[in-house]
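S.K.: The structure under discussion is supplied below as structure tokens; questions concerning it will follow.
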Amino acid sequence: MNRSGLFVGLVTMVVGFTLAVVSRFGGVPVLLLDAVAWLAGFAGLAHDRASAYPYVLLAWYVATVVGVFIVLRACQNLDARRNRGVRLLAHPASRALIALLLVLLLGVLFDADGAFYKVQTHRDGLRQASVFGILACGMTLVIITGGIDLAVGSVLALAAVAFARMSIHWSWSPWLAVPLCLALGAACGGVSGTLAARFKVQPFIATLAMMVFARGLAKTVSGGMKVSTAVQNADGTYRYVEVPDVFRAIDSRLLADNVSMVTVVFLVCAALSWIALARHRWGRELYAIGGNEEAARLSGVLVDRAKVLAYAAAGLLAAVAGICQAAQEQQGDPEAGGGYELSAIAIVVIGGTNLMGGRGGIGLTLIGTLTIGYLEKILSINAVPESRRLMLTGIIIVAAVLTQRRSRT
Amino acid sequence: MHAFRPLSLSVLGAVLVVLPSGCYKPGDAPTPGSRGERAASASSDAGPGETAGRTCTIGMSQCNLNEPWRVQMDADIRAAAEKHPNLKVIFKDAQNDTLKQRAHVEEYVGAKVDLILISPKEAAPLTEPVAKAVDAGIPVIVLDRAVQGDKYTCFIGADNVKIGKAAGRWIARQLGGRGKVVELKGLMTSTPGQDRHAGFRDAIGGTAIEVIFEADMKWLEPNARKEMESALARFDKIDAVYAHNDPGAHGAYLAAQAAGREKEMLFVGIDALPQEGVAYVKRGILSASFEYPTGGAEAIDAALKILAGEEVPKKIVLGSRVFTQENVGRGGEALE
């Protein structure tokens, strides 16, 4: 595609967007609604004007997205050196932002009777996304080395269970419980990292083993039950203890109730990971390893050490996520975090970090977290049925990744 | 297997003379301190009317142990079986894998256990393995979810539609027949989810109770909290939350509490496990929880009868209880 492609894309995008906004805030011709209702009636999707309306909006939205794609594809074939705009568009961060903006546009079109514009929607959506974001930060470090960590969800559960045991059942001080849980998570990550780096077990297999093992350990520590404020006595009856203060503190809100504590925890984790990755020698080593491991080794990088540290950091961040999860649930659930590793990988990839390693960053992961988080929240406030939610999530993940696709390099 | 060991063989012979139809007589006092083979050898020289028991092995296949309710079912079975020293129960966990569960049944048939308990993951794929076990002369008690056809010995389960109806009626009564309700559904692809939904909708039909927001929370507390936050953002007035399980109701409560709106509405859950629903009601978090009994104790009762050669009903429907703020101290109230 070339300049004519660019033109077609721009027109599709602008027309789609205009129609979407006009339909949303102005209205849709009754004739069109009737036609859509009649057509959708065959599929049993709509039967009157009111139920046809979302499909019209969705159609304009899809047109906008397709337009954006055509523009992005066309830009890939233009000479990036000559045009600053094109160069800007080619940057992964702009691509990630475009995906985020498209998701936010979905929220504007489907605002669920204005719920999308309420502060609490954004606060709660970010709270929900924070645990995934924390996991994704650790996942970014590992993916940049060209590896993967499938164990983060299980390590989350292990840390959640251990933290609940220490805080609720044994009433330990958080100053003891938190560092111990973090150490536990880091140790799990360190073990899978050692397996991957020193024993040359493929990261997929090493962390798969840790994923299964840590889940089993979580179930052992918890005795197969949720570790909650209902504590079983020796005779099988239950007594109830108070929710520990540290749980309430982590699940509290700051800034006049406008920001969840866990969101702050996530931002701190992201900032620390960003400093390590972008400003510290170790971070540069991770990029070097992901780019070309042999070359990194030859230029004096202690590859094994850097890799083990990356997995340990991922385990540590998973433990942070586990502590946040336990505090929000007021219990340690050994089944918590099932499938979270896949969400974390999706966030990293949607942000634009390359799964092959060597390219990407925490900033991208931050945007990816917002994209996935907002998508979930928008589907949730609109009470979209589960079946369609899953299909839409799948489509949108593919769409977001497609915006990330780079030109022939 | 063990039937070929001389001791067991002689024991079996003795038992067969004493009790031609089975191996255990309910009502007999269990011999204290003697378990397993020791109990069996002791009884081999006992005359008629004495404790005539050889060890009966029961194989239990649980479809998964990820849900607290199923952990509780196994615990109930274990507790009931421990009262009978000559019952030995083997527990297996199919980890939500139908084929694994099918293998369990086949393994139990191969090991010639005396009775199989199964809490199936799904009906259709397990119907045939269960039928084959029955054909091989091993009685099978099916728990919670039925298999198809009638090739099983006994089905024990509760009625989710009835429980959903009771929850609907209770909410309607509390709200005076008028109000806005959020329904947090389990998995709508699962039978309990469908039944708890259908019963509830049936009960509120014809009243002015309106379901203003519904979402699948997949039985999980974090999901319930997320969905409830969305409902709270959208609606300024919510009178009640009906969640298909207690963790769901608890998640909804946490969301409402964070929004400072937990006093505005009722929270109703299902399952009433001692450490979950009942605990939440006791602590004033949930307004009510409806018990979904595990049937563990009833399964052991039925197993003993079957092993003694007595007739048991083909289908045993378990009663349910409701726990509310008023009656939780008295241990709840049976539903009619």
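Read-outs: derived from the displayed coordinates by stated rules, not from any lab. For clarity, every value in this text was computed on a predicted model and none was experimentally measured. Note that each Cβ is placed from the backbone with ideal geometry, even for glycine, and that neighbours are counted across all protein chains shown.
S.K.: Could you calculate the FRET efficiency of B:Q148 with B:F235 from 1/(1 + (r/R0)^6), where r is the beta carbon distance between them and R0 is 45 Å, rounded to 0.05?
M.R.: Values: r = 42 Å, r/R0 = 0.93.
So, using R0 = 45 Å, E works out to roughly 0.60.
S.K.: How big is the dipole moment of chain A about its Cα centre under a simple scheme where the beta carbon of each Lys and Arg is +1, that of each Asp and Glu is -1, and everything else is neutral? Debye, nearest 20, please.
M.R.: Charge dipole, chain A, about its Cα centre: 1500 debye, nearest 20.
S.K.: What is the spin-label model distance, in nm, from A:L355 to A:H91 if the labels are put 7 Å beyond Cα along the C-beta direction?
M.R.: That separation, rounded to one decimal, is 2.7 nm.
S.K.: Find the percent of Cα-Cα distances in the protein assembly as shown that exceed 43 Å, and round it to a whole number.
M.R.: Numbers: 103374 of 277140 pairs.
The share of Cα pairs beyond 43 Å in the protein assembly as shown comes to 37 percent.
S.K.: A follow-up question, please. Assuming a ≥ b ≥ c are the square roots of the Cα gyration tensor eigenvalues, decide whether segment A:230-331 counts as rounded (a/c under 1.5), prolate (otherwise, with a/b larger than b/c) or oblate.
M.R.: Since a/c reaches 1.5 but b/c is at least a/b, the shape of segment A:230-331 is classed as oblate.
S.K.: Can you give me the angle between helix A:30-42 and the longest principal axis of chain A, using Cα atoms only, in degrees from 0 to 90, rounded to the nearest 10?
M.R.: The angle comes out near 60 degrees.
S.K.: What's the longest uninterrupted piece of chain A once you rule out the chymotrypsin sites (Phe, Trp or Tyr not before Pro) that are loop residues per DSSP with at most 15 other Cβ within 10 Å?
M.R.: In chain A, the maximal stretch lacking such sites is A:200-409.
S.K.: While we're on this one: Only sites in a loop by DSSP and with at most 12 other Cβ atoms within 10 Å count here; which trypsin sites (Lys or Arg not before Pro) in segment A:322-406 make the cut?
M.R.: Taking segment A:322-406 and a limit of 12 other Cβ atoms within 10 Å, the loop trypsin sites (Lys or Arg not before Pro) found are A:R405, A:R406.
S.K.: How would you classify segment A:287-407 from its alpha-carbon gyration tensor, with a ≥ b ≥ c the square roots of the eigenvalues: rounded for a/c under 1.5, else prolate if a/b is greater than b/c, otherwise oblate?
M.R.: oblate
S.K.: Also, I was wondering about something else. Using a Förster distance of 41 Å, how high is the FRET efficiency between B:D97 and A:E294, based on the Cβ-Cβ distance and rounded to 0.05?
M.R.: On the way: r = 42 Å, r/R0 = 1.02.
Between B:D97 and A:E294 the formula returns 0.45.
S.K.: Quick one: of the DSSP bridges fully inside the protein assembly as shown, what percent are antiparallel, nearest 5?
M.R.: Percent antiparallel among DSSP bridges in the protein assembly as shown is about 20.
S.K.: Quick one: compute the contact order of chain A, relative version, from alpha carbon pairs under 8 angstrom and 6+ residues apart, as a percent. Display every interim value, and only then the final one.
M.R.: Values: 683 pairs, mean separation 110.7, N = 409.
Once normalised by length, the contact order is 27 percent.
S.K.: Something else now. Let me test this: with uniform point scatterers at the alpha carbons of segment A:117-378, what is the Debye-based log₁₀ I(q)/I(0) at q = 0.07, 0.12 1/Å?
M.R.: Listed by q, the Debye log ratios stand at -0.24, -0.67.
S.K.: Next question. Any chance you could check the Cα centroid distance between segment B:102-173 and segment B:253-286 for me, in angstrom?
M.R.: One Cα centre to the other: 31 Å.
S.K.: Would you list A:I395, B:I204, B:I116 from fewest to most Cβ contacts within 10 Å?
M.R.: Ordered from fewest to most neighbouring Cβ atoms within 10 Å, A:I395, B:I204, B:I116 come out as A:I395, B:I204, B:I116.
S.K.: Would you mind getting me the FRET efficiency between B:K112 and A:N233? Use the beta-carbon distance for r and R0 = 35 Å, nearest 0.05.
M.R.: Efficiency computed from Cβ-Cβ geometry: 0.35.
S.K.: Now for a different question. Going by alpha carbons, how many degrees (0 to 90, nearest 10) lie between the helix axis of A:362-381 and the longest principal axis of chain A?
M.R.: 70
S.K.: Turning to a different aspect of this structure: If I build a Gaussian network model for chain A, linking alpha-carbon pairs within less than 10 angstrom, which residue out of A:M211, A:M166, A:M139 has the largest mean-square fluctuation?
M.R.: Highest fluctuation of the listed residues: A:M166.
S.K.: For the residues B:L175, A:L342, B:L273, what sequence is obtained by ranking on other C-beta atoms within 10 Å, fewest first?
M.R.: Starting with the residue having the fewest Cβ neighbours, the order is A:L342, B:L175, B:L273.
S.K.: Let me ask you something else. So how many Å³ per residue does the convex hull of the Cα atoms of segment A:145-184 work out to?
M.R.: Here the figure is 56 Å³ per residue.
S.K.: Rounded to the nearest 10 degrees, what's the angle between the helix A:281-291 long axis and the longest principal axis of chain A, both from Cα atoms, 0 to 90?
M.R.: Orientation of helix A:281-291: about 60 degrees from the principal axis.
S.K.: Can you pull out the trypsin sites (Lys or Arg not before Pro) in segment B:187-286 whose DSSP state is coil and whose Cβ has at most 10 other Cβ atoms within 10 Å?
M.R.: Here the sparse-neighbourhood loop sites are B:K237.
S.K.: Let me ask another. Going by how many other beta carbons lie within 10 Å of each one, how would you line up B:E183, B:E210, A:E293, fewest first? It would help to have the intermediate numbers written out before the result.
M.R.: Numbers: B:E183 24, B:E210 11, A:E293 17.
Ranking B:E183, B:E210, A:E293 by Cβ neighbours within 10 Å, fewest first, gives B:E210, A:E293, B:E183.
S.K.: Another question, then. In terms of modelled amide H atoms, which long-range or inter-chain residues lie less than 5 Å from the amide H of B:V89?
M.R.: B:I58
S.K.: Using 0.36 nm times the number of residues separating A:A50 and A:V264, minus their current alpha carbon distance, what extension gain do you get?
M.R.: Taking A:A50 through A:V264 to full extension adds about 73.0 nm, to one decimal.
S.K.: Turning to a different aspect of this structure: Checking the a/c ratio against 1.5 first, then a/b against b/c, what shape does the Cα gyration tensor give for segment B:170-269?
M.R.: oblate
S.K.: Of A:Y117, A:V103, A:L158, which is farthest on the positive side of the dipole of segment A:81-193, counting Cα position, with +1 on Lys and Arg Cβ, -1 on Asp and Glu Cβ, and the Cα centre as origin?
M.R.: Farthest towards the positive end: A:V103.
S.K.: Let me ask something else about it. Can you give me the C-alpha center-to-center distance between segment A:1-54 and segment B:193-221, rounded to a whole angstrom?
M.R.: Result: 33 Å between the Cα centres.
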